[in-house]
1. Over segment 279-334, consider all pairs of different Cα atoms and compute the Kirkwood hydrodynamic radius from their mean reciprocal separation; express it in Å, one decimal.
2. Skip the ligands, DNA and RNA, and give the accessible area per residue of the chain with a 1.4 Å probe, whole Å².
3. Based on a Kirkwood Rh over C-alpha pairs, give the Stokes-Einstein translational diffusion coefficient of the chain at 4 °C and viscosity 1.567 mPa s in µm²/s.
4. So, with +1 on the Cβ of K and R and -1 on the Cβ of D and E, and no other charges, what is the size of the charge dipole of the chain about its Cα centre, to the nearest 20 debye?
5. Simple spin-label model, 7 Å along Cα-to-Cβ: Ala95 to Leu224 in nm?
6. Quick one: how many Å² of Asp45 are accessible to a 1.4 Å probe, rounded to 10?
7. Take every DSSP beta bridge whose two residues both sit in the chain, then give the antiparallel share in percent to the nearest 5.
8. In whole percent, how big is the carbon plus sulfur part of the accessible area of the chain, probe 1.4 Å, protein atoms only?
Amino acid sequence: DAAQLVQMLFSLGEMVTATESVNDATLELLGEELNYVVQVVSPEDEDRELLESFDIEFGEDEGDESEWQVRPPVVTVMGHVDHGKTKLLDALRNANVVAGEAGGITQHIGAYQVATEVDGSERKITFIDTPGHEAFTAMRARGSQSSDIAVLVVAADDGVMPQTVEALNHAKAAGVPIVVAVNKIDKPEADPTKVRGQLTEYGLVPEEYGGDTMFVDVSAKSGLNLEGLLEAIVLTADASLDLRANPNQDAQGLVIEAHLDRGRGPVATILVQRGTLRVGDSIVAGPAYGRVRAMLDEYGNELDEATPSRPAMVLGLSAVPGAGQNFIVVEDDRMARQIAEKRESRERAAMQAKRRVRRTLEDFMASMEKGESQELNLILKGDVSGSVEALEDALAKIDVGSDEVTIRVIDRGVGAITETNVDLAAASDAIIIGFNVRPQGKATEMAEREGVEIRYYTVIYQAIEEIEAALKGMLKPEY
Ligand code: GDP
């Protein structure tokens, strides 16, 4: 039981409490002690194994290389907040340079394809239409590579900012070539030369300075030089990537985004990475499965099939898959359902495991004892403002007899405990103190899921007493 494990860990030199997480190495050590071999497996590995048991491999292209065909590059737009990612994606969506379907792209489906002309031939580019690098990061975290090229947007009036650097590091880590869009060139204070100089320091040397990164000055607002940007993307793809895929195989790819539509049921935008997806195919997407009932492109047109790099909205799934999860065409509905069900039960188990208590007052004492925590974060909610103030005052007066320990009230308010409160508590590892109030809506459920402790009191001194005891009772001994 937990107490025995804690004891055993103690004898191994690990001071932990029963609700604490331990690292992989400690788990392996503990296993040895118990005569077990502990194998730490990532969810991706586990899924790969699951698919292998059905004789399916997710990933590489197969078949005769002579069948492979050139596919469009898939592009993500990244950069610092407010530098114009959204505006640029909107502008590109409306500037379908060659094809120019009447009316332009009408639907937001999370990804779209545009066409441009380079050296006299028509070339397509797929844009992932979720600005920021959250989606990109989520997909990378799931071990899937969504993009071939990253467009790094830098506002010419603002220059390189922290998230610019973060974004370029993400792209570099993923081994994805970068095209720099120097945006807001229409502004009088724009200084595109400065942006080039700044990025050179981060290893992105412009071609015109002898480097191999293409910099393109654009204005997402006025639409200036969008063709130049599209061309740079195509040229960069041609220069550094071999973008080919075999369309003659069962389709596989990624879920870009998904939601539940009231009329149509689960709707997922997928990106085909290999093979060809057809209406009628049996697919499994994350923990969802089904037959492709219909496919729509970004214009709302029905598609019969989707080839590599094509984004499409898919109808017919049993549930809503998560962004970044993979989709696979399988032999038949039965197999799709079996894989989906296995994945679902795994996801449920993982959720359950995550539901461990993040931080309780007891935990705080324990970690303080080890000299790890010095700050107890609290969120106070009360029935009337007077009681919240009284509580906060009393907390401030607690003399813990040490400078090392502090109580920090990170938020306070009147009224029921809301999901927003729980959200903040989860993000800042805080405990919620409810004084004569109850949780509202799904707050309890969420607190359970997130492992946030909510403590309820009806008398102020009781709250103070307990918190004081927690802080004092377990203070680090002074030498
Ligand atoms: P994001 O946070 O990177 O997605 O940035 P947005 O696309 O939301 O743009 C932030 C602000 O900059 C908005 O007010 C845009 O209208 C403005 N903006 C974006 N591109 C340009 C541009 O090329 N020129 C000018 N003058 N303003 C722009």
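1. Details: mean 1/r = 0.0865 Å⁻¹.
Mean inverse Cα-Cα distance, inverted, gives 11.6 Å.
2. Dividing the accessible area of the chain by its residue count gives 49 Å².
3. The calculation lands on 50 µm²/s.
4. Details: 45 positive and 84 negative charges, 267 e Å.
With Lys and Arg at +1 and Asp and Glu at -1, about 1280 debye.
5. For Ala95 paired with Leu224, the spin-label model returns 1.1 nm.
6. Asp45 has an accessible surface of roughly 60 Å² with all protein chains in place.
7. 55 percent
8. So the carbon and sulfur contribution to the accessible surface is 47 percent.
The values are calculated or read from the model by the stated rules, or taken from the named source; none is laboratory data. As the structure is a computational prediction, the values presented were derived from the model and not from experiment. Heads up, the Cβs are rebuilt from the backbone with ideal geometry, glycines too, and the neighbour counts pull from every protein chain shown. Surface areas here come from the heavy atoms of the whole protein model, side chains and all, with no ligands, DNA or RNA. Shrake-Rupley method; radii C 1.70, N 1.55, O 1.52, S 1.80 Å.
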